[in-house]
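Visitor: Dropping a structure here in structure tokens format, bear with me for questions.
The values are calculated or read from the model by the stated rules, or taken from the named source; none is laboratory data. Source: prediction; values computed, not measured. Don't worry about glycine lacking a Cβ; one is built from the backbone with ideal geometry, like all the others, and counts go over all protein chains shown. What goes into the accessible areas is simple: the full protein's heavy atoms, side chains included, and nothing from ligands, DNA or RNA. Shrake-Rupley method; radii C 1.70, N 1.55, O 1.52, S 1.80 Å.
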Amino acid sequence: MKFAVLVFPGSNCDDDLVYVLREIMGQSVVKIWHKDHDLQGAEVVMVPGGFAYGDYLRAGAIARFSPIMREVAAHAQRGGYVWGICNGFQILTEAGLLEGALLRNLSRQYICKNIYLRTLSTQTLLTRQLDSSKAYCIPMAHGEGRYYAPMNILKKLQDQDQILFQYCEADGSVSEAANLNGSLLNIAGICNPARNVFGMMPHPERAADEMLGNTDGRLFFESLLGTLLEKV
Amino acid sequence: MNLPSLETAQKLGLLPEEFAYIQEILGRQPNFTELSAYAAMWSEHCSYKNSILWLKKLPKSSPRMLAEAGQENAGLVDIGGGLACAFKIESHNHPSALEPYQGAATGVGGINRDIFTMGARPIAQMNTLRFGDLSLARTRYLLRGVVKGIGDYGNAFGVPTVAGELFFDECYNTNPLVNAFSAGIVETGKIASAIAYGAGNPVFIVGSATGKDGIHGAAFASKDLTESSIDDLPAVQVGDPFQEKLLLEASLEVIASGAVVGIQDMGAAGIICSTSEMSAKGQHGMRINLDKVPLRQANMQAWEILLSESQERMLVVGQKGREAEIEAIFEKWDLHAVQIGEVIEGGRLEFFQNGEQVADLPAESLVLGGGAPVYTREYQEPAYYQTFKKFNIEEVPQPGPEELPQIARFLLAHPNICSRRWVYEQYDSMVGTVNANTNAPADAAVVWIKPPQGGLATKALVMSVDCNGRHVHADPEIGTMMAVCESARNVVCAGGEPVAITNNLNFGNPYNPEVYWQFVGAIQGMIKACEKLGTPVTGGNVSFYNQSSTVGKDGGNVSNAVFPTPTIGMLGLLDDPAHRMSLHFKAEDDFIYLIGEALNDLAGSEYLYSYRQIKASPPPAFDLDTEYRLQEVLKILIRNGLLQSAHDLSEGGLWVALAESAMPLSLGFQVKSFLKLRPDAFWFGENASRVLVSVHPHQKEAFEDTMEKADFAYALLGRVGGAAMGVDGQTWLTIAEAQDLYNQALGQWMEG
């Protein structure tokens with residue numbers, strides 16, 4: 001499987017994704033500079049975390065104008081897979097590939113810690129092999145991750161089963177206490193209506209290496225790969 | 001043009017004899033630009049003029065050293081496999097006292113530039129912070145600003161903050177200490193040097209434009225804080241982590257291109273510092289046209305351009321003929337790369353502005369190790385030193401059995417002991433996916449080294465920053481030995497082999513003989529401990545003038561200086577992942593042992609200082625040979641797989657070590673004191689060189705055999721299990737109560 005990891009000025013989780021995909025998952029990976037115009041035949045485009053353009057103005061607001069984003073939109077339009085994590089999720093919402101917005105955490109503080117995620121919809125490649133009765137321990141690390149969308153969009157996300165992940169307790173229950181950034185409906189990740197563009201704030205790539213003592217995040221990559229391979 | 005007078009020189013911080021010496025070097029009167037250059041380069045901050053004689057006595061060689069102290073921007077250690085680690089700690093105390101957010105942020109920026117200017121990619125950061133009384137609103141304001149500054153800068157820069165230190169004492173009320181550490185990895189064939197040679201080679205300024213921020217920052221850091229220090233606010237720099245990230249990537253790319261002769265970041269004293277240090281090192285000079293320097297504002301004077309400490313800039317000496325290549329790399333990253341001059345034969349720095357020569361200086365005369373002044377300072381033992389030694393434990397009230405749980409709670413919630421999560425959850429500790437401690441806490445940070453050439457990580461850096469300023473204050477020599485040993489012990493407890501240290505020497509005014517006595521004692525202690533442990537000093541930073549004085553009262557005295565705080569940053573290596581060790585209890589029924597002796601000692605303890613409010617006592621009992629033997633036996637135990645956990649005893653003594661081992665997996669314990677000591681000394685005393693370990697029942701015999709063979713003190717305390725923290729048959733707290741107290745305490749102080 002061929003992955004493209006985009007690199008914007010200020011991206012800082014690009015190499016983490018390359019390490020997981022190449023060294024741990026054994027996949028083919030290319031890093032693609034944001035000024036490029038070619039996705040080099042990648043089947044999955046990864047939009048990594050970090051602070052593209054320093055998050056100046058608003059997270060993702062400048063990055064969406066990078067030349068490569070036109071190719072990403074076309075790739076998504078053709079049904080290609082796009083997965084944005086953290087800053088990548090913010091960029092995808094700014095680019096209009098995903099609905100809603102990520103606002104400053106309610107605490108007004110950056111928060112980095114292990115949290116738990118519950119899978120709401122297993123009807124995507126990314127989530128098909130995940131267990132919706134299980135809470136996955138995945139790190140979060142952001143200052144602007146509070147998911148917001150108007151009521152009509154929220155309702156549509158629910159009706160069309162577009163909510164992929166919610167913040168939850170270790171036992172899988174969804175509570176306000178587990179919703180550290182104050183997201184509406186505890187939303188941690190969503191997909192587009194066509195179910196080929198995914199965005200999530202927490203970082204599964206930070207929980208994919210045995211050496212780090214937590215491999216819950218690897219299941220997300222395995223799900224994506226497993227279902228992709230199944231299709232071939 | 002009027003040439004500046006002695007009075008002007010003194011206003012710039014120069015001494016009369018220094019002014020005379022400058023005239024002797026130049027053979028004429030300096031102009032204002034030249035005088036400003038000397039004032040900045042000969043400030044304490046750049047010249048180390050009052051410390052260098054003693055720093056030279058520190059041990060600095062070992063077979064692993066690739067760059068010794070003072071040779072490059074950071075220490076450089078061979079870590080095998082064709083890789084080297086560049087690491088260093090640096091202070092940003094003075095700016096953080098005035099403007100905590102920018103002061104701390106630019107401290108993080110500065111230390112990282114020191115690492116990547118050597119061609120190394122930073123992989124982990126730590127910081128050590130000291131503040132005053134937490135009940136003061138100003139302390140909370142400073143802490144909040146410093147933590148946010150470190151977080152916002154480090155998080156965006158994309159290097160994880162993996163460990164640190166936080167300590168409160170009223171001696172830091174006016175002068176907080178903010179020391180930032182960074183470590184990076186470089187292939188040994190790709191190391192860059194801060195050097196200029198080859199007449200005709202182009203000199204570039206790269207990165208941000210130059211503005212008026214931070215002018216005289218070096219001079220500002222070289223004096224006491226006073227009521228009028230707020231007027232120095234323009235001496236505080238402003239940071240931009242996005243520019244720093246671009247500068248990192250572009251610098252590493254341009255170094256890898258091979259088109260670079262030398263590169264140095266611009267920190268204190270800006271352009272004058274990099275041009276003079278690089279030239280002096282390469283025994284060449286430079287001709288620089290200041291009109292070419294990209295500026296943020298119009299009409300900047302020559303001296304302002306030379307001294308500006310605008311952040312995120314580097315000076316690059318390229319190879320003639322490869323200018324276009326260098327410019328293209330910076331262009332890719334949307335950064336300035338402007339040729340401002342060239343390297344020349346001879347050792348002079350010639351600066352031009354508007355077609356006129358504005359300064360002509362011998363580079364060598366400006367720098368540390370060259371013409372910068374070197375002073376011998378006198379020192380004198382302060383009276384408190386003998387008073388502290390008279391401490392008598394018999395005069396401390398003994399707690400009854402009913403008071404012990406109360407003390408236990410007091411200590412767990414104490415600002416110097418409670419969980420630091422309010423701080424570290426604001427830092428990205430996981431970016432880079434190398435922090436092994438996220439899911440397994442240890443006494444030292446364990447950071448996996450991903451090979452730059454590709455492939456899986458198989459080795460780790462193991463790092464710790466430590467210093468108990470109270471102990472150093474009570475006895476500078478012993479306290480500093482203890483700081484070195486504690487940082488090494490932490491590394492050993494995490495499974496690493498200590499390799500080398502960097503230090504950040506935070507002291508008061510060196511012209512005060514009692515402060516200088518503390519400094520000399522600290523150096524002597526550091527020499528002894530580093531020699532014993534085989535960990536040379538690779539460099540670091542001296543920060544004097546961490547004291548406040550009121551207007552009209554010259555110099556102040558030793559009592560308004562901070563505790564002498566020689567922070568130690570220990571670098572260790574872990575060559576085999578199987579040797580990694582964490583600090584928490586793993587399973588019910590494991591045996592709990594104390595390695596090291598229990599003594600009737602309360603000296604220097606947090607319990608004595610904060611609970612009993614007895615502040616005059618010497619450091620706890622400490623013996624360097626015992627410490628060395630402890631670390632050797634620990635290495636054997638860990639490498640033979642005989643331990644389930646290992647946790648060093650420090651603030652709060654045995655009790656706090658037990659609680660901290662129990663809380664991560666919510667595993668309680670039942671323990672009994674094995675000696676008839678005072679209960680407060682047994683549970684809360686802090687005598688050094690001790691480690692709490694847990695042992696699987698199947699390995700009990702092998703563990704005890706190893707300890708017997710090593711002939712080192714140890715004793716069985718009890719077993720892991722249950723939901724209670726049981727001490728001598730009494731439940732002091734439940735695990736849940738302890739977690740609540742320990743985890744919430746700092747957040748409650750800060751958020752109310």
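Visitor: To the nearest 10 square angstrom, what accessible area does residue B:72 show with a 1.4 Å probe?
Guide: 40
Visitor: With charges only on Cβ, +1 for K and R and -1 for D and E, what is the dipole size of chain A about its Cα centre, in debye, rounded to 20?
Guide: Rounded to the nearest 20 debye, it is 520 debye.
Visitor: Sticking with this one: How many percent of DSSP beta bridges within chain B run antiparallel, rounded to 5?
Guide: 80
Visitor: When DSSP assigns beta bridges and you keep just the ones with both residues in chain A, what percent turn out antiparallel, to the nearest 5?
Guide: 60
Visitor: Between residue B:325 and residue B:376, how many nm apart are label points set 7 Å from Cα along the C-beta direction?
Guide: Calculated label separation equals 5.1 nm.
Visitor: Sort the following peptides by mean Cβ neighbour count (other Cβ atoms within 10 Å, averaged over residues), highest first: B:346-357, B:240-251, B:372-383.
Guide: In decreasing order of mean packing, B:346-357, B:240-251, B:372-383 become B:240-251, B:346-357, B:372-383.
Visitor: Here's another thing I want to ask about it. Under the classification rounded if a/c is under 1.5, otherwise prolate if a/b is larger than b/c and oblate if not, where does chain B fall, given a ≥ b ≥ c as square roots of the Cα gyration tensor eigenvalues?
Guide: Taking the square roots of the gyration eigenvalues as a ≥ b ≥ c, chain B is prolate.
Visitor: Where both partners of a DSSP beta bridge lie in the protein assembly as shown, what percent of those bridges are antiparallel, to the nearest 5?
Guide: Rounded to the nearest five, the antiparallel share is 75 percent.
Visitor: For chain B, what is the relative contact order in percent, using Cα pairs closer than 8 Å and at least 6 residues apart in sequence?
Guide: For chain B, the relative contact order is 15 percent.
Visitor: Once a ≥ b ≥ c are taken as the square roots of the eigenvalues of the Cα gyration tensor of the range A:2-231, is the result rounded (a/c under 1.5), prolate (a/b larger than b/c) or oblate (a/b not larger than b/c)?
Guide: Since a/c stays below 1.5, the shape of the range A:2-231 is classed as rounded.
Visitor: Using only alpha carbons, build the gyration tensor for the range B:494-630 and give me the equivalent ellipsoid semi-axes, biggest first, whole Å.
Guide: Equivalent ellipsoid of the range B:494-630: 34, 22, 14 Å, largest first.
Visitor: Something else: Per residue of B:436-448, count partner chain C-beta atoms within 10 Å of its C-beta, then hand back the mean as an integer.
Guide: The shielding value for this peptide is 2.
Visitor: Report relative contact order for the range B:6-96 in percent, whole number only (criteria: Cα-Cα under 8 Å, sequence separation at least 6).
Guide: In percent, rounded to a whole number, it is 13.
Visitor: Right, something else. When only Cα pairs under 8 Å and 6 or more residues apart are kept, what is the percent relative contact order across the range A:2-231?
Guide: 19
Visitor: Another question, then. May I ask you to evaluate 6.51 cos²θ - 1.76 cosθ + 1.60, the Karplus curve with θ = phi - 60°, for each residue of the range B:42-50 and list the ³J(HN,Hα) values in order in whole Hz, giving x for glycine and proline?
Guide: Values per residue, Gly and Pro as x: 9, 5, 3, 4, 9, 9, 6, 5, 9 Hz.
Visitor: Ranked from highest to lowest mean number of other Cβ atoms within 10 Å per residue, what is the order of the peptides A:166-177, B:302-313, B:433-444, B:199-210?
Guide: Result, highest mean Cβ count within 10 Å first: B:302-313, B:433-444, B:199-210, A:166-177.
Visitor: For an R0 of 30 angstrom, estimate the FRET efficiency from the Cβ-Cβ distance between residue A:70 and residue A:28 and round to the nearest 0.05.
Guide: 0.80
Visitor: Dipole of the range A:2-231 (Lys/Arg Cβ +1, Asp/Glu Cβ -1, origin at the Cα centre): which of A:105, A:180, A:11 lies farthest to the positive side?
Guide: A:105
Visitor: With +1 on the Cβ of every Lys and Arg and -1 on the Cβ of every Asp and Glu, and nothing else charged, how large is the dipole of the protein assembly as shown about its Cα centre, in debye rounded to the nearest 20?
Guide: Taking the Cα centre of the protein assembly as shown as origin, the dipole is about 1360 debye.
Visitor: For residue B:20 and residue B:531, what is the calculated FRET efficiency with R₀ set at 45 Å and r taken between the beta-carbons, to the nearest 0.05?
Guide: That gives a FRET efficiency of 0.65.
Visitor: With a ≥ b ≥ c the root eigenvalues of the C-alpha gyration tensor of the protein assembly as shown, is it rounded (a/c under 1.5), prolate (a/b larger than b/c) or oblate?
Guide: oblate
Visitor: Taking amide H positions as placed 1.01 Å from N in the peptide plane, with prolines and chain starts having none, which residues 5 or more places from residue A:183, or on another chain, fall under 5 Å of its amide H?
Guide: Hits under the 5 Å cutoff: A:147.
Visitor: Step through the residues of the range B:194-204 one at a time and calculate ³J(HN,Hα) from phi using the Karplus curve (6.51 cos²θ - 1.76 cosθ + 1.60, θ = phi - 60°), rounding each to whole Hz and writing x for Gly and Pro.
Guide: Rounded to whole hertz, the list is 8, 9, 10, 7, x, 3, x, 5, x, 10, 10.
Visitor: Scan around residue A:105 for amide H atoms under 5 Å from its own, H built in the peptide plane at 1.01 Å from N, and keep only partners 5 or more places away or cross-chain.
Guide: Amide H to amide H, under 5 Å and 5 or more residues apart or across chains, residue A:105 pairs with A:144, A:145, A:146.
Visitor: Still on this model: Return the sequence-ordered ³J(HN,Hα) values of the range B:697-704 in whole Hz as given by the Karplus equation 6.51 cos²θ - 1.76 cosθ + 1.60 applied to θ = phi - 60°, using x for Gly and Pro.
Guide: x, 5, 9, 4, 5, 4, 4, 5
Visitor: Counting only protein heavy atoms and a 1.4 Å probe, tell me what percentage of the range B:697-736's accessible area is made up of carbon and sulfur.
Guide: The C+S portion of the solvent-accessible surface of the range B:697-736 is 49 percent.
Visitor: On to the next question. May I ask you to work out the translational diffusion coefficient for the range B:575-720 at 25 °C, viscosity 0.890 mPa s, via Stokes-Einstein with Rh from the Kirkwood sum over Cα pairs, reported in whole µm²/s?
Guide: Using the Kirkwood radius from Cα pairs, D works out to 157 µm²/s.
Visitor: How shielded is A:51-57 by partner chains, expressed as the average number of their Cβ atoms within 10 Å of its Cβ atoms?
Guide: 4
Visitor: Over the range B:38-106, what lengths in whole Å, largest first, do the semi-axes of the equivalent ellipsoid take, defined as the square roots of 5 times the eigenvalues of the alpha-carbon gyration tensor?
Guide: Over the Cα atoms of the range B:38-106, the ellipsoid semi-axes are 28, 19, 10 Å.
Visitor: Tell me which of A:28, A:69, A:114 sits at the most positive position along the dipole axis of the range A:2-231, charges placed on C-beta atoms (Lys, Arg +1; Asp, Glu -1).
Guide: Of the listed residues, the answer is A:69.
Visitor: May I ask you to derive the FRET efficiency for residue B:7 and residue B:53 from their Cβ-Cβ distance with R0 = 25 Å, giving the value to the nearest 0.05?
Guide: According to the calculation, E is roughly 0.25.
Visitor: Same structure, new question: Peptide B:423-430: average number of partner chain Cβ atoms within 10 Å per residue?
Guide: Average per residue, whole number: 6.
Visitor: Simple spin-label model, 7 Å along Cα-to-Cβ: residue B:666 to residue A:148 in nm?
Guide: 3.5
Visitor: Just to be sure I understand: with springs between alpha-carbon atoms less than 10 Å apart, which residue in A:111, A:24, A:62 has the highest mean-square fluctuation in the Gaussian network model of chain A?
Guide: A:24
Visitor: Next question. Grab the DSSP H runs of the protein assembly as shown that are 4 residues or longer, score each as -39,500 (n - 2.57), total them, divide by all residues and round the 222 nm result to the nearest 500 deg cm²/dmol.
Guide: -9000 deg cm²/dmol, from helical runs alone.
Visitor: Could you check the simple spin-label distance between residue B:748 and residue A:106, using points 7 Å along Cα→Cβ, in nm with one decimal?
Guide: Each label point lies 7 Å from its Cα, and together they span 2.2 nm.
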